[in-house]
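These notes concern the structure reproduced below.
The values are calculated or read from the model by the stated rules, or taken from the named source; none is laboratory data. Everything numeric here is computed off the predicted structure, so don't read it as measured data. Note that each Cβ is placed from the backbone with ideal geometry, even for glycine, and that neighbours are counted across all protein chains shown. We work out accessible area using only protein heavy atoms, side chains counted, and drop any ligands, DNA or RNA first. Shrake-Rupley method; radii C 1.70, N 1.55, O 1.52, S 1.80 Å.
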Amino acid sequence: MITDEMLTGRSDAHLVPLCGPHRLQPEAAQAFIALQRAAHIAGFDLQPASTFRDFDRQRAIWNGKFRGEWPLLDHASQPLDATALPVAQRCEAILRWSALPGTSRHHWGTDLDVYDPSRLPAGQTLQLEPWEYLPGGYFAPLTAWLTDHMAEFGFYRPFAEDRGGVAIEPWHLSYRPAACTLERLLTPEKIISSWQGQDVAGAEWLSAHIDTLFTRYVSINHGG
């Protein structure tokens with residue numbers, strides 16, 4: 001049973017080790033290992049860049065971007081000065097690339113970001129930006145292979161299309177059998193509850209607009 005604490009990243013009791021520091025739910029981990037083996041046969045070194053991310057880590061990312069301490073990008077992946085933006089524009093700029101604390105799919109243990117370290121050019125740091133994965137990028141062959149084969153192992157891309165909310169994330173895979181159930185459990189009320197007693201930057205404005213933000217940035221995959 002998935003509790004509200006697991007759903008919002010405040011518990012990791014639903015996870016098992018994957019490799020190194022990475023963790024997923026048991027079924028998602030088994031499915032990824034099978035996908036990884038198939039990718040290896042096809043000539044790819046499929047590795048997780050990020051798996052489970054807890055509430056505190058997501059809060060640190062959010063607060064860092066809100067306060068101008070972390071890089072913030074616009075729709076064209078160009079730098080923004082967060083502190084020069086009104087709160088509403090600042091929050092929506094962050095939501096383009098980063099989830100609210102308590103809403104990240106990485107909390108669930110069903111989702112992960114992937115890459116192929118063997119295709120990363122020497123001296124290049126992984127950016128997790130679309131240009132790396134789209135045609136012409138060094139992970140484009142991996143993207144194409146995953147598009148053709150990931151569904152065989154239960155995975156899909158929740159952010160494959162730009163619907164005017166979250167930017168496309170070709171690197172983000174989700175284990176559909178578990179994730180689609182968890183999507184339906186998350187509500188605006190549970191998100192607000194997870195913020196109680198926590199330092200979430202912009203919480204007053206976010207709380208006042210949570211229903212609209214939930215529809216645009218959180219629940220976009222319900223039913224899929």
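Things to note:
- Radius 12 Å from Cβ of L173, net charge of other residues (Lys, Arg +1; Asp, Glu -1): 0
- Value at 222 nm in deg cm²/dmol, rounded to 500, when DSSP H runs of n ≥ 4 in the chain each add -39,500 (n - 2.57): -10000 deg cm²/dmol
- Mean-position separation - Cα centroids, segment 34-98 and segment 1-28, in angstrom: 20
- About the centre of its Cα atoms, the chain shows a dipole size close to 100 debye [charges on the beta carbon of Lys, Arg (+1) and Asp, Glu (-1) only; nearest 20 debye].
- Efficiency of FRET from Cβ geometry, D74 and E204, R₀ 22 Å, rounded to 0.05: 0.35
- The chain, accessible surface, carbon-and-sulfur percent (1.4 angstrom probe): 52
- Counted without the sites themselves, the longest stretch of the chain free of GluC sites (Glu not before Pro) in a DSSP loop having at most 15 other beta carbon atoms within 10 Å is 70-160.
- Cα-based helix-to-principal-axis angle, 55-66 vs the chain, degrees rounded to 10: 70
- Percent RCO, i.e. relative contact order, over segment 98-213, from Cα pairs under 8 Å lying at least 6 residues apart: 29
- Choice from H40, H107, H14 showing the highest fluctuation, given a GNM over the chain with Cα pairs closer than 10 Å: H40
- Viscosity 1.306 mPa s, temperature 10 °C, Stokes-Einstein D of segment 4-218 from Kirkwood C-alpha radius, µm²/s: 89
- For the chain: accessible area per residue (Å², 1.4 Å): 46
- Positive contributions from Lys and Arg (+1) and negative ones from Asp and Glu (-1), summed over other residues with Cβ under 15 Å from the Cβ of L146, come out at -4.
- Separation of the E92 and S193 label points, Cα + 7 Å toward Cβ, nm: 3.0
- When the trypsin sites (Lys or Arg not before Pro) in segment 81-189 are filtered for DSSP coil states and for at most 13 other beta-carbon atoms within 10 Å of their beta-carbon, the remaining sites are R163.
- Pairwise centroid distance, computed over Cα atoms, of segment 130-149 with segment 154-204, Å: 23
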